[in-house]
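Undergrad: Quick one: structure below, then a few questions.
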Amino acid sequence: MEHVTFLVVVVIITALAFDFTNGFHDTANAMATSIATGALRPKVAVAISGVLNIVGAFLSVEVAKTISGGIVDDKLVTPPMVFAGLIGAILWNLLTWLFGLPSSSSHALFGGLIGAVWVGAGMRGVHFDTVLQKILIPALASPLIAGFVAMTATYLAYTITARARHESVTSTFRFGQIASASLVSLAHGTNDAQKTMGVITLTLISTGALASGSAPPIWVIAAAGLTIGLGTYLGGWRIIRTMGKGITEIESPQGFAAEASATTVILASSHLGFALSTTQVVSGAILGTGLGRRLAQVRWGLAGRMALAWLLTLPAAAAVGGVAAAVATTGTLGVTIAAVVAIAVSAGLYAASRREPVHAGNVNELPAQPQRVAA
């Protein structure tokens, strides 16, 4: 452990800070529909999600290996580069959370790392073939697949229950949502918690503390799982409101269809080592349920703004990560300056969020002007 310097400790703490923002940013992925339909009370929902995120973190390390030894060359990466990439990811997460936009924490991390390594080590430090195969292609395909599956499942659910009493259908699917939302949380832990594990493992490999190609140590798995679980429990209420009430008005059969479809796609991708965005998968599934229910209203304006945020996430985080790397790779003073600026910007974004707070008590209330959520 003589390779674990003070800078490495700083990078690990920053990685766990990203993991925390990932947790509250992505709580909506698992629980927004269950909260919107009343299947679960808000506080109960985030508690269940937090616990199952922790459990999911221990079920797989395939995605972590993709991060630590796939998208960048671990022989060229240094701790300051990883630190800079994390800054890009954290700031994008906080900015999109402020506006209630369900953007991808995963792609923010990928973008931050790619930008930082590109600036710090040059183009040869980034494995663009892996980026294309395991990040960009899944990013395009996964929300479309989840949306189609959810649309089909929603249509079948309403067709099969067309003659049943509305109250019976609602109560049955609400019960089913408890199980399906729990599975989304479990799947989220198997995919998103892995990303922080991969970043910490990459840092340890870059300093010689671990051999190239190593899997995450058990303490890394435990730390990442507990941190994302805590972030999930605190609840990203602003994004939960957008996904639960903003895209389309969700009934319990739709909620169940969205959650079941998303779980299938996420677990399959985790097994294959595809580090996809759970946010995009769940958002695509919710949109699909709006298309699958007759007369359902889909708010295409908000959906378009979400899609724009998805397109901007990777390059925006890469740009911030690259700028941070240009400063951080100059030495200890550079790392300190980058850290101070990042903390100041983060504090400013949090202060701005307090002007119009969203919490468990008002999460199911639509704002007076919904379009401002994504402005």
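Undergrad: Hey, what's region 171-316 come to in accessible area per residue, 1.4 Å probe, Å²?
TA: Details: 4750 Å² over 146 residues.
Per-residue accessible area for region 171-316 comes out at 33 Å².
Undergrad: Mind checking which of 217, 154, 199 is farthest towards the positive end of region 135-254's charge dipole, using Cβ charges of +1 (Lys, Arg) and -1 (Asp, Glu) about the Cα centre?
TA: 154
Undergrad: Which order do you get for 129, 74 if you rank them by accessible area with a 1.4 Å probe, largest at the top?
TA: On the way: 129 110, 74 15 Å².
Accessible-area ranking of 129, 74, largest first: 129, 74.
Undergrad: Then there is this: Name the helices (complete DSSP H segments) of the chain with a Cα length along the long axis of 18 Å or more and a Kyte-Doolittle mean of at least 1.0, or state none. Don't skip to the end; give the middle numbers.
TA: Values: long enough: 6-37 (48 Å, 1.25); 42-57 (23 Å, 1.52); 79-98 (29 Å, 1.53); 105-121 (23 Å, 1.26); 137-160 (34 Å, 1.48); 166-206 (58 Å, 0.33); 218-234 (25 Å, 1.75); 252-272 (30 Å, 0.54); 278-292 (21 Å, 0.95); 300-328 (41 Å, 1.49); 332-353 (32 Å, 1.86).
Going by DSSP H runs, the hits are 6-37, 42-57, 79-98, 105-121, 137-160, 218-234, 300-328, 332-353.
Undergrad: Using +1 on the beta carbon of Lys and Arg, -1 on that of Asp and Glu, and nothing else charged, what's the dipole of the chain about the Cα centre, debye to 20?
TA: Details: 20 positive and 14 negative charges, 181 e Å.
In total the dipole reaches around 860 debye.
Undergrad: Continuing with this model, one more query. Go through 354, 41, 163 and list them by solvent-accessible area, largest first, probe radius 1.4 Å. Present the calculation step by step, with values, prior to reporting the outcome.
TA: On the way: 354 110, 41 170, 163 235 Å².
Result, largest first: 163, 41, 354.
Undergrad: Measure off, as a whole percent, the carbon and sulfur share of the 1.4 Å-probe accessible area of the chain, all protein chains present. Write out the running numbers ahead of the final one.
TA: Numbers: 10430 of 14900 Å².
Ligands and nucleic acids excluded, carbon and sulfur reach 70 percent.
Undergrad: Quick check on the chain: helices-only [θ] at 222 nm, where DSSP H runs of length 4 and up contribute -39,500 (n - 2.57) each and the sum goes over total residues. Nearest 500, please.
TA: After summing the helix terms and dividing by residue count, I get -25000 deg cm²/dmol.
Undergrad: Cα gyration tensor of region 110-226, axes a ≥ b ≥ c as square roots of the eigenvalues: rounded (a/c below 1.5), prolate (a/b > b/c) or oblate? Don't skip to the end; give the middle numbers.
TA: Values: a/c = 4.76, a/b = 2.12, b/c = 2.25.
Oblate.
Undergrad: Can you count the Lys pairs in the chain with C-alpha separation below 16 Å, eight or more apart or on different chains?
TA: Working: 65/75; 65/134; 65/195; 134/195.
So the count works out to 4.
Undergrad: Taking the full set of protein chains and a 1.4 angstrom probe, give the accessible area of residue 226 in square angstrom, rounded to the nearest 10.
TA: Rounded to the nearest 10, that gives 100 Å².
Undergrad: Ok, one more. What accessible area per residue comes out for region 63-155, rounded to a whole number of Å², with a 1.4 Å probe?
TA: On the way: 3130 Å² over 93 residues.
Per-residue value: 34 Å².
Undergrad: Given the chain, report the % of alpha carbon pairs whose separation exceeds 32 Å. It would help to have the intermediate numbers written out before the result.
TA: Working: 19194 of 70125 pairs.
When all Cα pairs of the chain are counted, 27 percent exceed 32 Å.
The values are calculated or read from the model by the stated rules, or taken from the named source; none is laboratory data. What you see is a predicted model; the values in this text were computed from it and never measured. Because the Cβ atoms are built from the backbone with ideal geometry, glycine has one as well, and the counts that use them run over all protein chains shown. Areas reflect the complete protein model, heavy atoms only, side chains present, ligands, DNA and RNA absent. Shrake-Rupley method; radii C 1.70, N 1.55, O 1.52, S 1.80 Å.
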